[in-house]
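Read the structure below first, then the notes.
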Amino acid sequence: MKVVPFPNPMLKMQSEDVDPKNEPDFLKLIDDMAKTMYQEEGVGLAAIQVGIPKNFFVYDDSEEQNNPRVLCNPVVVSQSDVMVESEEGCLSFPGIYFPVSRPESAVIEGLDEKGEPLHFEAEGFLARLLQHEIDHLNGVVILDRATPAVRKQIMREYYMGK
């Protein structure tokens, strides 16, 4: 699997909901995505980032990077009013990192790989990771979260580095 790089227009697409119970070869797809995520040294990878416009992503927030999980059809139920700025990167923007402001915590619901309901009350790094990947499923890339000045600087660096 290859990660779709920015500015591929696919990254701006809205993903379609997935039915994990009726998706052919879904577990193999999840496994392949997790392998790609680890190979690229990421902590999350949305299906749209590998050219699949389906509403799910794999992620691993463990220290050991050996506990891949999946979240299908995620919905942000609520978010903290407290915003935290932290440096973020993205596999679709290799080598680019910049400050992104996100809610400190979020309540998120979705389905696991078997179609069973999941409910997260995430904060800190996990909240940031989940919100980043949910953005991808909604056609939002980290560049959309940058200030105009930072966006201009990043675009210059991104295209000069290519």
**Prompt:** Has region 98-120 got any residue that is under 17 Å from the mean Cα position of the chain (by Cα) and without any contact (Cβ under 8 Å) to a residue 12 or more places away in the chain?
**Reply:** no
**Message:** Regarding region 44-64, can at least one residue be identified that is among the small types (Gly, Ala, Ser), in a strand (DSSP E or B), crowded, with 20+ Cβ neighbours inside 10 Å and touching a strand residue (DSSP E or B) at 6+ places or on another chain (Cβ under 8 Å)?
**Reply:** yes
**Asked** In the list Lys35, Lys2, which residue meets the criterion of being assigned to a helix (DSSP H, G or I), modelled with pLDDT of 95 or more and either within 16 Å of the chain's Cα centre (by Cα) or of a type in the set (D, E, K, R) (or both)?
**Response** Lys35
**Asked** Residues of region 17-47 being touching a Gly at 6+ places or on another chain (Cβ under 9 Å) and within 12 Å of Met1 (Cα to Cα), which ones?
**Response** Thr36, Met37
**Prompt:** Got a sec? Which of Val84, Val77, Val141 is out of contact with any His (no Cβ under 7 Å at 6 or more places or on another chain) and closer than 28 Å to Lys2 by Cβ?
**Reply:** Val141
**Message:** Please go through region 9-26 and give me each residue that is in a loop (DSSP other than H, G, I, E, B) and either without any contact (Cβ under 8 Å) to a residue 12 or more places away in the chain or touching a helix residue (DSSP H, G or I) at 6+ places or on another chain (Cβ under 7 Å) (or both), ordered by number.
**Reply:** Met13, Ser15, Pro20, Asn22, Pro24, Asp25
**Message:** Tell me yes or no: at least one residue of region 10-30 is surrounded by 20 or more Cβ atoms within 10 Å (Cβ to Cβ), at pLDDT 95 or above, touching a Ser or Thr at 6+ places or on another chain (Cβ under 8 Å) and of a type outside the set (Gly, Ala, Ser).
**Reply:** yes
**Message:** Going residue by residue through region 27-36, is there one that turns out to be of a type outside the set (Phe, Trp, Tyr) and closer than 30 Å to Lys152 by Cβ?
**Reply:** no
**Within region 105-134, tally of residues that are of a type outside the set (A, V, I, L, M), over 23 Å from Pro53 (Cβ atoms) and surrounded by 15 or more Cβ atoms within 10 Å (Cβ to Cβ)** = 4
**Evaluation of Arg69 against (1) in contact with a strand residue (DSSP E or B) (Cβ under 7 Å, 6 or more places away or on another chain); (2) surrounded by fewer than 15 Cβ atoms within 10 Å (Cβ to Cβ) (one fails), failing number** = (2)
**Asked** Is it the case that Asp81 is more than 30 Å from Lys152 (Cβ to Cβ) and either in contact (Cβ under 8 Å) with a residue 40 or more places away in the chain or of a type outside the set (Phe, Trp, Tyr) (or both)?
**Response** no
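The values are calculated or read from the model by the stated rules, or taken from the named source; none is laboratory data. Quick caveat, the model's predicted, so the values are computed rather than measured. In this analysis, Cβ positions are derived from the backbone assuming ideal geometry, glycine residues included, and neighbour counts consider all displayed protein chains.
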